[in-house]
Amino acid sequence: MDGSAQAASGGSAAAVDERVRRLEAQVDALTEAVEVLARGLADGPLAEPRDRHTEEAARRTHELLLLAKSAAAGRSGAG
């Protein structure tokens with residue numbers, strides 16, 4: 001972001017960096033909360049299925065979170 005873009009958006013580079021750090025922390029916290037929820041909804045492999053829609057949603061959510069973490073790790077390792 002160049003100086004004119006920063007001035008137009010109302011923030012210095014340091015302020016923008018701080019805001020990005022806060023947003024990243026919030027996204028990490030939200031991701032962790034959803035992961036805990038997904039694990040709580042998913043039963044073990046030997047459990048009787050309660051609600052297949054809920055079970056499938058929890059499984060898919062967990063897979064998406066794993067993919068997101070993998071992609072984030074790849075980005076932070078590349079930069």
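Measuring from label point to label point, each 7 Å out along Cα→Cβ, what is the D17 to V36 span in nm?
Going from the D17 label point to the V36 one covers 3.1 nm.
Would you tally the net charge around D28, using a Cβ to Cβ cut-off of less than 14 Å, leaving D28 out, and scoring K and R as +1, D and E as -1?
My count for the surroundings of D28 gives +1.
Read the figures in this text as sums done on the coordinates, not as results from a lab. What you see is a predicted model; the values in this text were computed from it and never measured. Cβ sites come from the backbone with ideal geometry, for glycine too, and all protein chains shown count toward neighbours.
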